[in-house]
Amino acid sequence: MSIRFRLLISFMTTLAVTVLVFFLTAYLIAFAVTGDARSISRFYNIHYTLHPLTEEEERIFMEMKYLAKENPEQLMNKALLGDYDYQLKMVQAGLIVRHNQDLLFVSPSIREPGIGAALPDYEMGNYSIRNSINVGSRFFSYAKFDFPFSEQDRGSIFVIRERSPFAEIVRTLLPILIVVLLAILLLTSGLLYRYVTRTIVRPIHMLRESAERIKEGDLQFEFKPESDDEIGQLGLTFEKMRQKLNESIQLQLQYEENRKQLLSNISHDLRTPITTIRGYVEGIRDGVADSKEKMDKYIHTIYTKTADLDRLVDELFLYSKLDLNREPFSFETVDFLAFVRDMVEETELELEEKGIKIVWEGVRDAKVLVMADREKLKRVFLNLLGNCVKYMDKPEKRIVIITSVQENQVTVEVRDNGPGIPPEALPHIFERFYRGEPSRNAKTGGSGLGLAIAKQMVAGHGGRIWAESEWGEGTRMFFSLKIMGKSGDE
């Protein structure tokens, strides 16, 4: 249920209950005062007394009261009494005239056995002229006037109207009913307030508290919406925002940590050749290289270290551009297996001079087309092969390249028979500057960026690169690319 509809229901319910209670209270008050629900339409035209008469009843009563004072003998005339009774009948009232203890005239509409006994006694002072009586199951209200017919005879006039018996009950219970109605109104308002508070105000309050926690820098919490309405959707969006913000901050912290580590690694890798160069330059300056052989050795060492520095700076610059997506790729359609054949033939002679045998196995004759940048793909091959060559430690050095073709990708495996990679180091070998055994770098050389660059380049081709290794048995490097089209045997 939406908040808008919920608020509309709350408003309409409050309004309906208020109006209902108002009219019900007015109805009960009018019913208690008049004794007849039909008199509600004339409620504001009634003269408020304890038991009021209508204007017409009051007029007839006043005429008969005046006649009783001035010429009471005329009230013995039944024709005149019949005329007054007709007028009262028109306003749904009746007339009773009493002579001593006898009923001289009783309107037909109010004749009831025992009504004479229910009428109040003669009262010379007319202290109580308006009241109500019960006759059997009927309830009447009346206005009376007591007067003397003569010195011995007494008379009474009653303008009487039948009322509902329920009016007397309401008259007695009216204060209690008003209190109950007010209590119902307050209870309804309280329940609606609690309903709106629980479904709207409370979630908003929780959102405010969560925003305060974020403002203070606390993102390590979870906001759980309690509903599926607009507030719940807002809470869900807020939680996603918190997660994204937390991930962004964690990523920023990771970037900062990587930056520090990168600066530390660069400083370390630059310091070693620079220190060596500085030492040999100082040796030349101080005359330590006092022979042609020493001078040539010093110059050659300085040249080698300078080349290493230049290569390290180039690889670092290339990795930075790849990491920032600033290195352009020149894609073209490449026959991948033919490209692998060229790479094997190109490196075979150089590897043989180092005592390393390279073998190509797997799928060789099919035509597999991929979209690739030849130069960068060549760099991936050379980096993987260079990594294998660096750590060769067996008398018989061997590298095997295996190509396999699946339904939508081609995979290359570069396998060596070197020492392998320790299990704890395997997940980190594609990270920049990572070396499983840093002490071994002085002997093997390298910048620690080769595999990281290979990973970035394969990712730039939309492919995947990974490694498997068994300690002491060798290492297997894999990378795969998506196929554009394939022909040959198929």
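The values are calculated or read from the model by the stated rules, or taken from the named source; none is laboratory data. Bear in mind the structure is a predicted one, so any value in this text is a computation, not a measurement. We place every Cβ from the backbone using ideal geometry, glycine too, and count neighbours over all the protein chains shown.
Worth pointing out:
- Among residues of segment 364-389 that are assigned by TED's automatic domain parsing to the domain that holds MET457 and under 21 Å from ASP314 (Cα atoms), those with a Cβ under 9 angstrom from a residue that is part of a helix (DSSP H, G or I) and polar (S, T, N, Q), sequence gap 6+ or separate chain, pair up as PHE381/THR347; LEU382/THR347; LEU385/THR347.
- When the criteria are applied in full, ASP393 meets the requirement of being more than 17 Å from ILE465 (Cβ to Cβ) and touching a Pro at 6+ places or on another chain (Cβ under 7 Å).
- Looking across GLN261, GLN254, one residue alone is part of a helix (DSSP H, G or I), at pLDDT below 80 and surrounded by 14 or more Cβ atoms within 10 Å (Cβ to Cβ). It is GLN261.
- In summary, strands (runs of 3 or more DSSP E) completely within segment 337-421 and bearing 2 or more residues that are more than 26 Å from GLN456 (Cβ to Cβ) and either charged (D, E, K, R) or in contact with a Phe, Trp or Tyr (Cβ under 8 Å, 6 or more places away or on another chain) (or both) occur at 356-362, 397-405.
- Within segment 431-470, the set of residues being at pLDDT 70 or above, among the hydrophobic types (A, V, I, L, M, F, W, C) and either closer than 14 Å to CYS388 by Cα or touching an Asp or Glu at 6+ places or on another chain (Cβ under 9 Å) (or both) comprises LEU449, LEU451, ALA452, ILE453, ALA454, MET457, ALA467.
Okay, residues lined up against (1) farther than 30 Å from GLY472 by Cβ; (2) modelled with pLDDT of 90 or more; (3) surrounded by 15 or more Cβ atoms within 10 Å (Cβ to Cβ):
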{"site": "ASP314", "(1), (2), (3)": "yes, no, no"}
{"site": "VAL344", "(1), (2), (3)": "no, yes, yes"}
{"site": "VAL363", "(1), (2), (3)": "no, no, yes"}
{"site": "GLY386", "(1), (2), (3)": "no, no, yes"}
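- Residue in segment 131-138 that is in contact (Cβ under 8 Å) with a residue 60 or more places away in the chain and surrounded by 10 or more Cβ atoms within 10 Å (Cβ to Cβ) present: yes
- Checking LEU177, LEU207 one by one, the residue that is aliphatic (A, V, I, L, M), at pLDDT 75 or above and not in a loop (DSSP other than H, G, I, E, B) is LEU207 and no other.
- Tabulated pairs, segment 237-260, first over 25 Å from GLU431 (Cα atoms), second of a type outside the set (D, E, K, R) and surrounded by 11 or more Cβ atoms within 10 Å (Cβ to Cβ), C-beta under 7 angstrom, 6+ apart or interchain: PHE238/LEU207; PHE238/SER210; PHE238/PHE223; GLU239/PHE223; ARG242/ILE214; ARG242/LEU219; ARG242/PHE223; LEU245/LEU219
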